[in-house]
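*Asks:* If you scroll down you'll find the structure; I have some questions about it.
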Amino acid sequence: MIGRRLAGRYEIEQVIGGGGMSVVYRALDQVLGRHVAVKVLRSQFGGDADFIRRFRREAQAAASLSHPNIVNIYDVGTDGDDHFIVMEYIEGRTLKEWIQREGPLPVERAVEIAKQVCAALAHAHERGIVHRDVKPHNILISASGAVKVTDFGIARAVTANTITYAGSVIGSVHYFSPEQARGEMTDIKSDIYSLGVVLYEMVTGHLPFSGDSPISVALKHVREPLVEPRQLNPAIPQSVENVILRAMAKNPLDRYHTVQEMAADLDRALLFPNVPKFVPRFVESPVGEDTAILTPKGGLPSSSDTPRGGGEPDGGRRKGWILLKRLSLWGAAALLVLVLASATAYFLFTSVFRVPDVRMPDVTRQPYDQAVQVLVQSGFRRENIQRVDMPNNDVPPGAVFRQDPEAGTTVKANRPVTLWVSVGKETVSMPAVENMPLDRAKRLLAQNGIPESALTISYEYSDQPKDTVIRQYPKEEVPLVPGKDKVQLVVSRGPEMVSVPDVVGLTEEQARQKLAEAQLAVGKVQNKPDYKTPAGVVVQQAPYKPGDQAPKGRAVDLWVSSGYPKDARILVYNVRVQLDPGRPPAQVRITVTDARGTDQTAVSETVSGSKTYPVQVVLQPGTLGDIKWYVDGQLRGEKVIPYNGEGD
């Protein structure tokens with residue numbers, strides 16, 4: 001893909017990120033002359049209409065948003081079989097990279113980042129869009145410090161249908177809300193929970209929940225209390241911890257109603273740090289049935305309702321007796337109706353409404369459809385069976401790898417049943433670690449689920465700094481099964497060092513050969529006039545002196561003599577050494593001082609008689625030459641030659 005031009009306009013330059021569905025590249029917009037980020041759907045999904053719908057939905061959702069804290073969408077297109085989205089290019093790092101690099105962020109900085117994320121999410125929520133994958137990986141920090149939220153890849157309109165995609169849990173498990181982990185309806189409060197996790201990680205440097213597998217992490221979001229932030233970092237103000245605890249409340253009723261409310265508390269948190277600790281009001285209650293007792297109004301008339309005797313006429317007593325008799329009959333009838341109603345109710349409850357107990361069968365490792373059939377045959381209701389799709393390394397795709405309730409337990413037949421179904425092996429994308437220090441590469445791999453036990457490390461000499469990763473296998477973005485697939489890193493030992501030879505005084509050809517034998521290269525070769533060195537001979541070497549240690553293969557520059565300078569004068573003088581006839585042989589020595597050096601020996605020999613010697617003198621402007629001759633060590637003569645003198 002590198003070097004390709006999409007739609008005749010966007011020239012792909014390098015990979016800058018990616019996920020399970022797509023790869024993000026930096027590209028140059030040839031029309032507007034600016035850098036952009038291009039998200040390209042992975043080729044294996046290009047023929048999947050479902051994935052393409054999701055990919056286009058991301059573009060449509062994000063393109064409807066326009067906010068300083070949201071990455072802009074510029075273009076959507078197709079080039080052959082490649083589907084792509086063109087986005088604003090942010091020069092900077094993700095918040096995840098900042099946390100990995102810096103550890104816990106200063107509380108003031110973390111609060112400011114969270115407020116800007118709140119502003120971005122508020123803009124989306126007002127337009128009916130829930131992000132559903134808020135995490136530090138999707139929060140970019142530009143070089144100027146601006147916060148940008150990106151990747152609305154699983155954002156969906158806020159409707160009654162906002163549940164898991166095709167029965168699958170979508171999002172990053174470490175940042176799940178409990179309702180996402182259960183595969184239930186998600187709304188803006190799910191984004192608030194995830195932002196609470198991000199703020200937790202910013203101020204503590206840790207995730208609130210971790211585990212050996214995604215399912216174990218998801219269950220902790222649902223069931224387990226978190227380690228409170230101030231236990232990990234006592235410097236966190238209580239007011240800031242309260243924001244985290246409220247945002248991450250397991251019951252959505254305890255959370256902020258809107259991100260605007262959360263932002264308002266963040267504004268006050270640093271001004272009023274010492275506040276009472278937040279305590280949730282609502283708790284998750286076990287499944288059960290509520291009962292109520294109904295009491296009928298009224299009752300039989302009391303004796304006080306019957307006219308008393310004493311002075312009453314008999315007619316009046318008779319009428320009272322008749323009334324009492326009638327009331328007694330009505331009461332008996334009412335009592336009979338009540339008894340019949342109670343019997344009917346009891347019959348209906350025991351025969352119709354009473355929920356039978358059933359024993360939960362073991363349906364793990366069975367195909368999902370077969371597991372559902374077994375559960376229905378056991379007495380469970382099909383509509384109460386919930387499916388959650390997640391990666392699993394132990395069972396094949398489509399098979400159940402976990403169930404709730406557990407096998408062998410006795411439960412009510414109307415009890416909800418959750419089946420976790422494998423979508424294949426849990427994979428992670430191989431991160432880019434080339435050109436990264438080895439210790440940092442190990443940390444990044446571990447954070448992506450690749451333990452050090454899965455690494456094979458080899459070393460070789462390289463121009464890269466020592467302990468820098470120079471190659472990785474597999475390459476970035478290749479899917480890996482954590483803990484099973486192996487990763488090979490080739491790490492630099494640093495450059496191999498060799499000893500630099502002395503090549504001054506050698507001919508250029510001799511110098512080249514000697515440097516090659518030392519496993520060094522010849523760099524620049526320059527000519528340099530020189531009075532003392534013959535033409536074609538090396539007069540200087542750099543940047544390494546003889547005996548220095550240099551990286552193998554490094555270049556050594558040479559300066560080669562081009563002979564005497566153009567303004568040099570070369571004169572020849574005949575020196576006559578006179579010896580007395582008949583004397584024994586004598587030692588004759590002639591020295592020259594000129595531009596080439598002082599007291600250079602021009603002649604040194606033993607002679608038996610007088611002799612004339614032609615002596616060369618090389619002069620530079622403004623200097624004098626000097627010739628001296630000796631017989632048996634005694635000075636016999638001297639001649640001084642000016643620059644403008646004449647030879648003989």
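*Asks:* Would you confirm whether or not the range 211-230 contains a residue that is at pLDDT 90 or above and under 27 Å from residue 24 (Cα atoms)?
*Replies:* no
*Asks:* Here is a further query. Among the residues of the range 463-488 satisfying the criterion of being within 21 Å of residue 424 (Cα to Cα) and among the basic types (Lys, Arg), which is surrounded by the fewest Cβ atoms within 10 Å (Cβ to Cβ)?
*Replies:* Checking each candidate, the answer is 484.
*Asks:* Take the range 580-627 and flag every residue that is free of Cβ contacts under 8 Å to residues at least 40 places away in the same chain, in contact with a Ser or Thr (Cβ under 7 Å, 6 or more places away or on another chain) and in a strand (DSSP E or B).
*Replies:* If the condition is that a residue be free of Cβ contacts under 8 Å to residues at least 40 places away in the same chain, in contact with a Ser or Thr (Cβ under 7 Å, 6 or more places away or on another chain) and in a strand (DSSP E or B), then 591, 599, 600, 601, 602, 626 are the ones that fit.
*Asks:* Further question: Only one of 243, 259 is touching a His at 6+ places or on another chain (Cβ under 8 Å), at pLDDT 90 or above and not charged (D, E, K, R); which?
*Replies:* 259 is the lone residue from the list that is touching a His at 6+ places or on another chain (Cβ under 8 Å), at pLDDT 90 or above and not charged (D, E, K, R).
*Asks:* Among the residues of the range 227-264, count how many are farther than 16 Å from residue 191 by Cβ and of a type in the set (Asp, Glu).
*Replies:* Within the range 227-264, residues that are farther than 16 Å from residue 191 by Cβ and of a type in the set (Asp, Glu) number 2.
*Asks:* Does the range 69-84 contain any residue that is modelled with pLDDT under 85, crowded, with 17+ Cβ neighbours inside 10 Å and part of a loop (DSSP other than H, G, I, E, B)?
*Replies:* No; the residues of the range 69-84 include none that is modelled with pLDDT under 85, crowded, with 17+ Cβ neighbours inside 10 Å and part of a loop (DSSP other than H, G, I, E, B).
*Asks:* For the range 96-117, give me each residue that is part of a helix (DSSP H, G or I) and either farther than 27 Å from residue 18 by Cβ or not assigned by TED's automatic domain parsing to the domain that holds residue 188 (or both).
*Replies:* Once the filter is applied, which keeps residues that are part of a helix (DSSP H, G or I) and either farther than 27 Å from residue 18 by Cβ or not assigned by TED's automatic domain parsing to the domain that holds residue 188 (or both), the range 96-117 yields 107, 108, 109, 111, 112, 115.
*Asks:* Now a separate question. Let me confirm something: among 630, 573, 564, which residue is part of a loop (DSSP other than H, G, I, E, B), surrounded by 17 or more Cβ atoms within 10 Å (Cβ to Cβ) and touching a strand residue (DSSP E or B) at 6+ places or on another chain (Cβ under 7 Å)?
*Replies:* After ruling out the rest, the residue left standing is 564.
*Asks:* Read through the list (1) surrounded by 14 or more Cβ atoms within 10 Å (Cβ to Cβ); (2) over 30 Å from residue 22 (Cβ atoms); (3) among the basic types (Lys, Arg), then give the number of the only condition that residue 402 fails.
*Replies:* Unmet for residue 402, out of (1) surrounded by 14 or more Cβ atoms within 10 Å (Cβ to Cβ); (2) over 30 Å from residue 22 (Cβ atoms); (3) among the basic types (Lys, Arg): (2).
*Asks:* In the range 326-385, what count of residues is obtained for those that are hydroxyl-bearing (Ser, Thr, Tyr) and either at pLDDT 65 or above or under 14 Å from residue 415 (Cα atoms) (or both)?
*Replies:* Residues flagged as hydroxyl-bearing (Ser, Thr, Tyr) and either at pLDDT 65 or above or under 14 Å from residue 415 (Cα atoms) (or both) within the range 326-385 amount to 3.
*Asks:* Can you tell me how many residues in the range 436-462 are within 28 Å of residue 497 (Cβ to Cβ), surrounded by fewer than 14 Cβ atoms within 10 Å (Cβ to Cβ) and not β-branched (Val, Ile, Thr)?
*Replies:* Adding up the residues that qualify gives 3.
*Asks:* Let me ask something else. Taking the range 403-457 on its own, how many of its residues are closer than 23 Å to residue 390 by Cα, hydrophobic (A, V, I, L, M, F, W, C) and part of a strand (DSSP E or B)?
*Replies:* 5
*Asks:* I've got another one for you. Only one of (1) free of Cβ contacts under 8 Å to residues at least 24 places away in the same chain; (2) surrounded by 13 or more Cβ atoms within 10 Å (Cβ to Cβ) is not met by residue 542, so which one is it?
*Replies:* (2)
*Asks:* Given the conditions (1) of a type in the set (A, V, I, L, M); (2) part of a loop (DSSP other than H, G, I, E, B); (3) at pLDDT below 65, report the number of the one that residue 395 does not fulfil.
*Replies:* Answer for residue 395: the failing condition is (3).
*Asks:* Answer yes or no: is there a residue in the range 190-203 that is touching a Ser or Thr at 6+ places or on another chain (Cβ under 9 Å) and either part of a loop (DSSP other than H, G, I, E, B) or basic (Lys, Arg) (or both).
*Replies:* No, the conditions are met nowhere in the range 190-203.
The values are calculated or read from the model by the stated rules, or taken from the named source; none is laboratory data. The structure presented is a predicted model; accordingly, all values stated were derived computationally and were not measured. Methodologically, a virtual Cβ is constructed for each residue, glycine included, from the backbone with ideal geometry; neighbour enumeration extends over all protein chains shown.
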